Amino acid sequence: MWWKTGVVYQIYPRSFMDSNGDGIGDIPGIISRLDYLQWLGIDAIWFSPLFPSPMADFGYDVMDYTDIHHEYGSLADFDKLLIEAHSRNIKIILDLVPNHTSIEHPWFQESRSSRDNPKRDWYIWKDPKPDGSPPNNWLAYFGGPAWTFDETTGQYYMHNFDPGQPELNWRNPEVKQAMFDVIRFWLRRGVDGFRIDVIDRILKDTQFRDNPPNPDWKPGDPLVGSLLRVYSEAAPGTHDYMRQFRRVFDEFPGTVAIGEVQYGLTTQQLAAFYGDDDELHLPFNFGLLGLPWDAAAIRAFVDDYDAGLPAFGQPNYVLGNHDSPRIASKYGMAQVGVAAVLLLTLRGTPTIYYGEELGMHNVTIPADQILDPQGKNQAGFNRDECRTPMQWDTTPNAGFTCPDVVPWLPVASDYEQINVAVQQQNPASLLNLYRRLLAYRKRTPALNAGRYYSLDAPEGCFVYLRQFNDQQRLVVLNFTTEAHTLSLDEWESGLIAISTDYHREGQTIDLKNWVVRANEALVIEV
């Protein structure tokens, strides 16, 4: 199956390429850059939501599931994108948001119009408490209560995120049928799969009980963490719904269902979302995002995760996405190459966030210019910082949009050094490291389909073997700023196939006594 050996590349549509000079990325702009993605060597594109939206949460508040947002183009543009991508052997994965809609979706407009409207029960409505307060203590991820009072009908509607994102009532079979028909609409059109947003949170407690206090929460921490989200999401029965989702995808052989499930799950909890090979194809594994950049911690996690999945379960890894700080900002520029080698040589399906192949970093957004609803309501990281425009070249606005246009988010100040055009010309650049890794991974069964075995290594290093039949590849990652001497006595010598130090590639080394340099990562043929 293509998604078992392929590499996914996530595009945030507003930020990839603007074709019409309005400062916002669009589908024609993406089409114009498909040759770059083919050159890079990725196998599939996952798009953050392309559907019509008032942009309260920049596409994750959908007002029409079967059309394209006007700033991005049209259905005809999308159909052209499908044709152009498929002609380059690039699959297309859309982002589905089944947990909630926009407040402006026609379904919600009907639902809020009266208590006896046929779509009233498509959303979660509850009476106030006798004192007029919300029905329970549930809190929204973006701050404040998870309930907003609606004057028209005198009830509260629920929203786990922004008030502009009312929660659908998945216990209503009509809602389920409507959403499954949305999936069919796009798969029939030729889409190759979906990444499904917060899929594990679609079911809530039937009794709407208060969430219990979080004993680990401390005053001064974000208030949203003061309660354990025991009843506001992931209610019993969730896995049955996963199986129903999977049956829809099974109607379209070769498509993939990727599910966004909660951060911080144990391997056992994450593995449960595979079911008996009848739930999600790929429950997104966010484990690396929450770990310190430490060789021992990462080895322990990977060992546990790789061993804990069912035999049919395809592992998957991410190091960045539209909700997380960029790799260069989290781990430092000296380690971006190590991160690239880690992501693209572990067993399973990797997802690259756009611009990580260049070493793009978070961009500071002045407080009065923050657009992210989470960033506006909660102190700390705001997601605009990792969603800034793709850096294509040295022209003003990094080639993302016209030089005299103000882009929707500011471009990084160092774009003249960190961009595609400059790095394409430098064989030792991070971009060309990604390209070599992707090409090597594609032609090397040990990396794209082989087993994983971790090996003992000096403190600060993570070493593992990937093996397919008789083909073996050693991966050596130095997470530190110091060189380390290694002795891998099982092998006499090896050939350096990939290195973050471009000039070492092609060298033969004595594996019984050799040195891995500071901040270096290697793939060695043995």
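One chain, two ends: residue 38 and residue 300. Fully extended at 0.36 nm per residue, the span grows by 90.9 nm beyond their Cα-Cα distance. With a Förster radius of 51 Å applied to the beta-carbon distance between residue 266 and residue 333, the computed FRET efficiency rounds to 0.95. Between residue 443 and residue 469, the distance separating the two model label sites (each 7 Å from Cα on the Cα→Cβ line) works out to 1.7 nm.
Could you estimate the translational diffusion coefficient of region 292-347 from the Stokes-Einstein equation, with Rh from the Kirkwood formula over C-alpha pairs, at 25 °C and 0.890 mPa s, in whole µm²/s? Once the numbers are plugged in, D ends up at 196 µm²/s. Given the pairs 126/376; 91/442; 119/176; 80/442, which are separated by over 20 angstrom at their Cα positions? Over 20 Å apart, Cα to Cα: 126/376; 80/442. For region 336-479, the equivalent ellipsoid derived from the Cα gyration tensor has semi-axes of 35, 19, 13 Å, listed largest first. Here the relative contact order of region 106-158, from alpha carbon pairs under 8 Å that lie six or more residues apart, stands at 32 percent. Given their separation in residues at 0.36 nm each and the Cα-Cα distance between them, residue 381 and residue 115 gain 91.8 nm when the chain is fully extended. Each distinct pair of alpha carbons in region 253-300 adds a 1/r term; the inverse of their mean, the Kirkwood radius, is 12.0 Å. Using the alpha-carbon positions of the chain, Rg (one decimal) and Dmax (whole number) come out as 23.6, 78 Å. May I ask for the angle, rounded to the nearest 10°, between helix 430-442 and the longest principal axis of the chain, with both axes built from Cα atoms and the value confined to 0 to 90°? Around 90 degrees separate the two axes. Between the helical axis of 336-345 and the longest alpha-carbon principal axis of the chain there is an angle of about 80 degrees. Binning all Cα-Cα separations of region 106-158 at 10 Å, short to long from zero, yields these whole-percent fractions: 26, 50, 24, 0. When you restrict to C-alpha pairs under 8 Å that are six or more residues apart and normalise by the size of region 183-326, the relative contact order lands at 22 percent.
Approximating the spin labels as points 7 Å out from Cα along Cα→Cβ, the residue 70-to-residue 250 distance works out to 4.2 nm.
So if R0 is 22 Å, what FRET efficiency would residue 487 and residue 453 give, r being the distance between their Cβ atoms, rounded to the nearest 0.05? The computed FRET efficiency comes out at 0.80. About its Cα centre, the dipole of the chain is roughly 740 debye, where the only charges are +1 on Lys and Arg Cβ and -1 on Asp and Glu Cβ.
Rounded to the nearest 10 degrees, the angle from helix 238-250 to the longest Cα principal axis of the chain is 70 degrees. Tell me the net charge near residue 367. Cut-off is 14 Å between Cβ atoms, residue 367 excluded, with +1 for each Lys or Arg and -1 for each Asp or Glu. Here the count lands on -3. Its residue count N sets the reference 2.2 N^0.38 Å, and the alpha-carbon radius of gyration of region 449-525 equals 1.01 times that reference.
Based on Cα contacts under 8 Å between residues 6+ apart, the chain shows a relative contact order of 13 percent. Per the Cα gyration tensor, region 1-131 maps to an equivalent ellipsoid with semi-axes of 35, 16, 12 Å, ordered largest to smallest. When every alpha-carbon pair in region 97-208 is counted, what percent end up more than 24 Å apart? That tail contains 25 percent of the Cα-Cα pairs.
Quick note: the coordinates plus some simple rules give every number you see, no bench work behind them. All values derive from a computational prediction rather than experimental measurement. Cβ: placed from backbone, ideal geometry, glycine included. Neighbour counts: every protein chain shown.
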